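Every number in this text was worked out from the coordinates using simple rules, so none of it is lab data. Since we're looking at a predicted model, the values are computed, not measured. For neighbour counting, all protein chains shown are included, and Cβ atoms are generated from backbone atoms with ideal geometry for every residue, glycine included.
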Amino acid sequence: MRLLIINPNTTTAVTDKVVAAAQQVIPGVDIVGCTGRFGAAYISSRASFAVAGHAALDCLAEHGPSADAVLLACFGDPGLDALREVSPVPVIGLVEAACREASEGGRRYAIVTGGERWSPMLREMIRMRGLEEGLVAIHTVAPTGGQIAEDPDGALDLLASSCSHCAHRYGADAVILGGAGLLGLAARIKPRVAAQTNARVLCSVEAGLREAARAVASRVRAETATTVPTPSVGLSPALAGLFGTGRLRG
């Protein structure tokens, strides 16, 4: 069984962290990580998000035919619907997985993430996915996820206080710490938040990996995953092949 992890930014260190976490969460599964060949080092705006969707498709075209499930390792899910259009196996998005887990049992939930431009983007995605029930707040902090990943120790106080703020002010029962670059930080701030509130702190990547583990085990495969065949210019050979035939080719 094989899980493809797509990191649609260009920071290989983020891909490596998610792959290492996947190997712990899903033992016995072949984990393949793919980092975007082009685009932003970290996604923190609509412009970089748009490019990331292309990079994600490029990764899928190259590595998707041999996968049993795909995890899109970006809290924002760039290109998720396009990936699902052409992937014969389940594609897991971090926003979807984390919001579903956080809201289980009717829990009220909030999101804390890096990058001030993410708030309206996340609200649009959550509304489009029908996950807004239970959402009480999206709290962004000024450092981007990339900046937090570069200095995680320096961000712990800010992230812990932001999670506690969501619990106190908005009544959140669970707080999602969103961002692939923030992987590992939820565990570190949980004791601080627990000392002040009853709110759970969830890591978006860990939630995505739990859903990916279920998807890999299900071995679901749809033979009808296609797009409209069309000529293309300037794409990678694998992606040009996908557009030319309308389907992934092994």
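Quote the relative contact order of segment 95-205 in percent (integer), defining contacts as alpha-carbon pairs under 8 Å separated by 6+ residues.
32 percent
I'd like the FRET efficiency for residue 50 and residue 194, computed as 1/(1 + (r/R0)^6) with the beta carbon distance as r and R0 of 30 Å, rounded to 0.05.
After rounding to 0.05, the efficiency reads 0.20.
Which one, (i) -0.65, -1.25; (ii) -0.73, -1.20; (iii) -0.65, -1.39, gives log10 I(q)/I(0) by the Debye sum over Cα atoms at q = 0.12, 0.17 Å⁻¹ as derived from the coordinates shown?
(i)
Mean separation of Cα pairs under 8 Å and 6+ residues apart, divided by the residue count of segment 177-230: what relative contact order is that in percent?
35 percent
In the chain, what cysteines have no partner Cβ closer than 4.7 Å?
Cys with no partner Cβ under 4.7 Å: 74, 99, 163, 166, 203.
Test of understanding: what is the full-extension gain from residue 151 to residue 16, defined as 0.36 nm times their sequence separation minus their Cα-Cα distance?
46.9 nm
Given the options 162, 218, 87, state which has the largest fluctuation in a GNM of the chain using a 10 Å cut-off (strictly under) for Cα springs.
Largest GNM mean-square fluctuation: 218.
Under 14 Å from a label point 7 Å along Cα→Cβ of residue 221: give me every residue in segment 86-121 with its amide N that close.
87-90
Rounded, prolate or oblate: which fits segment 15-122 when a ≥ b ≥ c are the square roots of the eigenvalues of the alpha-carbon gyration tensor, with rounded for a/c under 1.5 and prolate only if a/b beats b/c?
oblate
How far, in nm, would the chain grow between residue 161 and residue 214 when pulled straight, counting 0.36 nm per residue and subtracting the alpha carbon separation?
15.8 nm
Please state the shape class of segment 80-171: rounded when a/c is under 1.5, otherwise prolate if a/b exceeds b/c and oblate if not, all from the C-alpha gyration tensor.
oblate
Do the sum for the chain: with -39,500 (n - 2.57) for every DSSP H run of n ≥ 4, divided by all residues, what is the mean residue ellipticity at 222 nm, to the nearest 500 deg cm²/dmol?
Value at 222 nm, helices only: -14500 deg cm²/dmol.
Measuring from centroid to centroid over Cα atoms, what is the spacing of segment 139-189 and segment 1-47 in Å?
Using only Cα atoms, the two centres lie 20 Å from each other.
Taking Cα atoms, how many degrees apart are the long axis of helix 46-63 and the longest axis of the chain, rounded to 10 and kept between 0 and 90?
Around 50 degrees separate the two axes.
At 7 Å along Cα-to-Cβ for each site, give me the label-to-label distance between residue 228 and residue 116 in nm.
4.0 nm
Can you tell me how much longer the chain between residue 100 and residue 142 gets when fully stretched, taken as 0.36 nm per residue apart minus their C-alpha distance, in nm with one decimal?
Result: 12.5 nm gained on full extension.
Between residue 84 and residue 23, what is the label-point separation in nm under the 7 Å Cα-to-beta-carbon projection?
3.1 nm
Sequence gap at least 6, Cα distance under 8 Å: using those rules, report the relative contact order of the chain to the nearest whole percent.
Reported relative contact order: 22 percent.
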